[in-house]
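The values are calculated or read from the model by the stated rules, or taken from the named source; none is laboratory data. Quantities reported herein were computed from a predicted structural model and do not represent experimental measurements. Heads up, the Cβs are rebuilt from the backbone with ideal geometry, glycines too, and the neighbour counts pull from every protein chain shown. Protein only, heavy atoms only, side chains kept; ligands, DNA and RNA dropped before computing areas. Shrake-Rupley method; radii C 1.70, N 1.55, O 1.52, S 1.80 Å.
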Amino acid sequence: MFYFGAIAGARTRVGVLGRALGRRAGGAARRLPAGFDGPFVAGVLLVAASLVLRGYVLRHAYFAEDDLVLIGRAAAATLTVDHLTGPYHGGFAPGAMLLVYALTAVAPYHWPLAAGSVLVLQGLAGLAMFRLLRVLAGRRWATLPPLTVFLAAPLALPSVAWWSAALSAVPYQIAMVLALLWTVRLHRDGEPRYAWWAAGALLVGLAFSERAALLPLLLVAVLLVARPAGGPHGGVRALLAERPGFWTGLAALAIGQVALRLSVQGAPVDLGAVDLGAAAAIVARLLGVVFATGVVGGPLEWGPAAPAGGLPDPAPATVAVAWTVLGALVLAGLRYRRRSWRVWAVLAGYLLVADALPTALGYAAFGSAAGGDPRHLAGAVPVAAVCLALAFRPSSPPRAGTGHAPAPAPPSPARYRVLAAGAAVAFLTASVWSTHTYVATLADDRVRSYLGTARSALRSVPEEAGVYPRPVPDDIVHPWNGSARLSSVLLSPLAPDGVAARVADPRPAAAALVFDDSGRLVPAGPAPGGMYVGPPEDEDCVATVDGRALWPVETTGGPTVVATLAYTADSDTQVTLGVGGALLRTALPAAPEGGTRYVPLGGSGDRLLLEVADDEVCLHAVTLGELAPVGG
């Protein structure tokens with residue numbers, strides 16, 4: 001976007017920047033099949049090049065914290081409405097939940113498959129945007145600058161590298177672009193099929209992002225600025241009156257999504273508890289720094305790594321240059337086309353209403369850090385590209401029935417082509433450099449190493465051993481995820497058939513294994529801090545009354561709580577254990593030389609009940625609590 005200011009000059013049509021170059025190519029372009037003109041070929045090549053650049057990013061990326069939690073949840077779930085409508089990155093995205101579920105069912109924690117799914121979605125988004133731009137601006141070289149912004153702006157990088165974020169953000173972008181495309185075609189050509197297609201695109205968008213509920217407003221705004229006749233109020237009334245059934249249907253879909261989200265997840269935020277100072281800081285940084293630099297090729301530098309790469313950390317000079325470029329772009333647009341202020345108003349309105357305010361209201365309770373995260377601007381890049389195309393689009397009416405804008409105007413003077421070429425090189429250079437510096441923040445292979453080690457360890461689990469849960473390290477999944485960060489949830493999808501169930505739902509066993517902080521399976525024993533009962537002084541066996549005992553404990557239960565019994569028994573027998581009224585009866589195999597039995601006991605309560613055959617079993621020790629690596 002560094003070349004925006006140079007795109008337009010006095011009385012010069014931006015949409016024709018490459019015409020002279022195309023003519024110099026001679027008859028080669030004219031010999032192409034119908035529709036495969038020079039701009040078309042160049043656009044397809046741009047989409048392909050963008051996939052190479054995105055592939056470079058994904059080659060260095062890997063699953064992040066939320067990815068692990070979502071995969072673990074999908075592996076343990078059945079495909080139900082409750083699962084699909086559960087929270088997704090704190091939001092509502094049943095479509096993304098379905099994609100996670102499907103990809104997990106095929107191959108959990110398989111990064112080539114995950115990265116490939118993102119590249120496919122990116123390719124579809126690029127082609128959809130290219131088609132929309134050709135409908136808005138015609139088959140001319142002027143479609144390439146906004147397409148380049150959409151494909152290369154570093155603002156979208158973090159949403160690509162974070163897999164679960166990409167599964168929500170990129171389908172939302174595709175749905176937005178297709179809804180715009182088919183709504184424009186509907187109002188140009190009047191074919192009813194476009195109404196159904198646009199409604200379908202909106203429905204898809206609503207399945208992937210709660211912010212898609214605002215798409216009908218965006219469609220109205222884009223149509224108003226795409227057709228200059230009428231003032232703002234009269235234009236809205238006339239537009240809605242043309243196809244009231246279409247707009248009523250879109251509104252019903254959007255309202256339905258909001259109602260469904262409220263019914264299953266409740267209100268997303270308590271407005272009375274919003275910290276207005278933090279909210280203002282989020283809006284200021286998100287729009288004033290993150291968007292401004294990210295859409296013009298910055299930020300050039302990235303700060304401390306988030307769960308999936310760094311966050312923008314531009315120098316003050318970079319921010320100043322970004323705003324200078326954006327200001328020059330707006331002025332150039334106004335000089336080229338006085339009514340282009342409406343286009344920039346649409347972009348500003350979208351950024352504020354659809355991106356900045358929801359982020360500020362939803363995250364202000366946690367401070368202002370969310371203002372530095374570009375993932376909250378998932379829809380900003382396609383809207384910026386569309387607005388760029390509209391701001392410099394010729395104002396003559398489109399050719400009826402073609403779906404395209406008018407034929408190209410005469411080529412612009414050579415000096416403008418030179419300026420535009422130089423600005424394009426500057427934008428792409430900045431974007432590639434920002435991509436390179438972002439990739440440097442993805443160099444930590446901690447998660448990749450941990451999962452790889454765990455996968456290898458699960459290939460050879462002894463039959464007599466139980467694999468008991470414990471939280472994965474804090475630098476893999478943060479403690480605020482609670483039981484979702486347990487090894488039984490996150491690592492069981494890595495296990496082969498026959499072992500996965502033993503990891504996800506451990507059974508009583510004679511030996512205990514747990515994952516250490518590097519992902520290895522190691523012998524385990526009772527962790528410090530649990531309940532311990534031993535025999536009285538000068539006795540070998542724990543005291544019971546006819547094989548029964550009731551000891552005080554303090555446990556809130558959960559899957560990590562395990563009872564450990566050290567005992568001797570001449571023959572096979574049974575033991576009954578219970579906490580909080582939930583009883584479990586399990587076998588105690590014969591162990592004349594002494595043995596140990598590990599029994600998961602997740603009930604909560606303040607008493608531990610034990611019953612054994614008093615004349616057959618000698619209990620040497622009883623513990624209740626979590627397990628930890630022996631010696632760890």
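Values for this structure:
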| item | result |
| --- | --- |
| Cα centroid of the range 241-268 to Cα centroid of the range 118-171, whole Å | 26 Å |
| Total charge dipole magnitude, the range 22-169, about the Cα centre, Cβ charges on Lys, Arg, Asp, Glu only, Debye to nearest 20 | 1120 debye |
| Label-point separation in nm, ASP538 to ALA443, each point 7 Å along Cα→Cβ | 6.8 nm |
| Rounded accessible area of HIS620 (nearest 10 Å², 1.4 Å probe) | 60 Å² |
| Solvent-accessible area of ASP497 with every protein chain in place, 1.4 Å probe, in Å² to the nearest 10 | 150 Å² |
| For the range 435-506, average projected area of the Cα convex hull in nm² | 5.8 nm² |
| Alpha-carbon Rg/Rh ratio, for the range 123-246, with Rh computed the Kirkwood way | 0.98 |
| Shape of the range 187-230, Cα gyration tensor, a/c cut at 1.5 | oblate |
| Computed FRET value (nearest 0.05) for LEU584 with SER460, which takes r as the C-beta separation and R₀ as 41 Å | 0.90 |
| Mean Cβ count within 10 Å, highest first, over the residues of peptides 87-99, 599-611, 149-161 | 149-161, 87-99, 599-611 |
| Pair HIS436, GLU554: separation of 7 Å Cα→Cβ label points (nm) | 5.8 nm |
| Listed peptides 436-444, 128-136 by packing density, highest first (mean Cβ within 10 Å) | 128-136, 436-444 |
| Segment ALA510-ASP82, length gained on full extension (0.36 nm per residue, minus Cα span) | 150.3 nm |
| Accessible-area composition of the chain, carbon plus sulfur, in percent [1.4 Å probe] | 63 percent |
| Whether the range 138-191 is rounded, prolate or oblate, judged on the alpha carbon gyration tensor where a/c under 1.5 counts as rounded | oblate |
| The chain: Cys lacking any partner C-beta under 4.7 angstrom | CYS387 |
| Cα gyration tensor category, rounded, prolate or oblate, for the range 251-372 with a/c compared to 1.5 | oblate |
| Per residue accessible area in Å² of the chain, where ligands, DNA and RNA are left out and the probe is 1.4 Å | 42 Å² |
| Residues ASP615 and ASP572, FRET efficiency given R0 of 22 Å [Cβ-Cβ distance, rounded to 0.05] | 0.95 |
| Relative packing of 364-374, 577-587, which averages over residues the other C-beta atoms within 10 Å, highest first | 364-374, 577-587 |
| Range of Cα positions in the chain per principal axis (Å), largest first | 104, 49, 45 |
| Contour excess over end-to-end distance, with Cα ends at VAL522 and ALA421 and 0.36 nm allotted per residue | 30.3 nm |
| Equivalent ellipsoid semi-axes - Cα gyration tensor, the range 455-591, angstrom | 30, 18, 14 |
| Euclidean distance between Cα centres, the range 562-632 to the range 496-536, Å | 14 Å |
| Taking the chain and dividing mean pair separation by its residue count, relative contact order in percent (alpha carbons under 8 Å, at least six apart) | 17 percent |
| Rough spin-label spacing in nm, given labels placed 7 Å along Cα→Cβ, for VAL41 and VAL236 | 4.7 nm |
| Isotropically averaged projected area of the range 57-165, using the convex hull of Cα atoms (one quarter of hull area), nm² | 7.9 nm² |
| Stretchable slack from THR248 to SER604, in nm (0.36 nm times residue separation minus alpha-carbon distance) | 122.9 nm |
